[in-house]
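Enquirer: Please see the structure below; I have some questions.
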Amino acid sequence: MGETFLCESCVYDADDTCTFPQRPYAKTCTLYHNIAEPITEQVNTVSPGRSLKAWCWEHKGLLILSSLFSVSILLALT
């Protein structure tokens with residue numbers, strides 16, 4: 001970005017979280033983010049079917065036990 005140092009306008013320099021070795025004289029930086037631009041986070045949206053599938057996969061033991069319990073109750077009632 002020309003002859004000026006990037007650290008003067010970097011978010012990470014302003015909040016003192018920068019660990020770049022060339023700080024405060026860096027002219028190129030992989031972590032650079034201009035303090036004047038807002039930081040936007042990317043939100044991952046997951047379809048309801050996929051989230052249900054993931055929940056079932058994580059709780060498969062609970063689902064198996066509840067299924068066995070339900071079948072046992074049905075057999076006992078008949």
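Enquirer: Apply the Karplus curve 6.51 cos²θ - 1.76 cosθ + 1.60, θ = phi - 60°, to the phi angles in the stretch 47-56 and return the couplings in whole Hz, x for Gly and Pro.
Expert: For the stretch 47-56, the Karplus curve yields 5, x, x, 6, 5, 5, 4, 5, 5, 4 Hz.
Enquirer: Further question: Please compute the per residue accessible area over the chain with all protein chains in place, 1.4 Å probe, rounded to a whole number of Å².
Expert: 90
Enquirer: For residue 19 paired with residue 39, estimate the spin-label separation in nm (one decimal), with each label point 7 Å from Cα along the Cα-to-Cβ line.
Expert: Distance between label points: 1.5 nm.
Enquirer: Among 17, 30, 71, whose Cα sits farthest toward the positive end of the charge dipole of the chain (+1 at Cβ of Lys/Arg, -1 at Cβ of Asp/Glu, about the Cα centre)?
Expert: The Cα lying farthest towards the positive end belongs to 71.
Enquirer: Which entry in (1) 30, 15, 11; (2) 35, 17, 11; (3) 58, 13, 9 is this structure's computed semi-axes √(5λ) of the Cα gyration tensor in Å?
Expert: (3)
Enquirer: Identify the GluC sites (Glu not before Pro) of the stretch 1-52 meeting these criteria: DSSP loop state and at most 10 other C-beta atoms within 10 Å of the C-beta.
Expert: Loop-located and lightly packed - 3, 41.
Enquirer: Restricting to DSSP H runs of at least four residues, report the calculated mean residue ellipticity at 222 nm for the chain, -39500 (n - 2.57) per run over all residues, nearest 500 deg cm²/dmol.
Expert: Result for the chain: -13000 deg cm²/dmol, rounded to the nearest 500.
Enquirer: Give, in nm to one decimal, the length gained when the segment between residue 65 and residue 3 is fully stretched (0.36 nm per residue of separation minus the Cα-Cα distance).
Expert: 15.6 nm is the gain from fully extending residue 65 to residue 3.
Enquirer: Here's something else I'd like to know. Quick one: Karplus J couplings for the stretch 62-78, per residue in order, coefficients 6.51, -1.76, 1.60, θ = phi - 60°, nearest Hz, x for Gly and Pro?
Expert: The phi angles translate into 5, 5, 5, 5, 5, 5, 4, 5, 5, 5, 4, 5, 4, 5, 5, 6, 8 Hz.
Enquirer: Right, next: Taking the Cβ of residue 10 as the center, what net charge do the other residues with Cβ under 15 Å away carry, scoring Lys and Arg +1 and Asp and Glu -1?
Expert: Spelling it out: positives minus negatives among the neighbours equals -3.
Enquirer: Here's another thing I want to ask about it. Karplus couplings for the stretch 10-17 from phi (6.51 cos²θ - 1.76 cosθ + 1.60, θ = phi - 60°), rounded to Hz, Gly and Pro as x?
Expert: Couplings: 9, 4, 6, 6, 5, 9, 6, 10 Hz.
The values are calculated or read from the model by the stated rules, or taken from the named source; none is laboratory data. Since we're looking at a predicted model, the values are computed, not measured. Virtual Cβ from ideal backbone geometry, glycine too; neighbours counted across all protein chains shown. The protein model used for the area step is the full one, side chains on, heavy atoms only, and it has no ligands, DNA or RNA in it. Shrake-Rupley method; radii C 1.70, N 1.55, O 1.52, S 1.80 Å.
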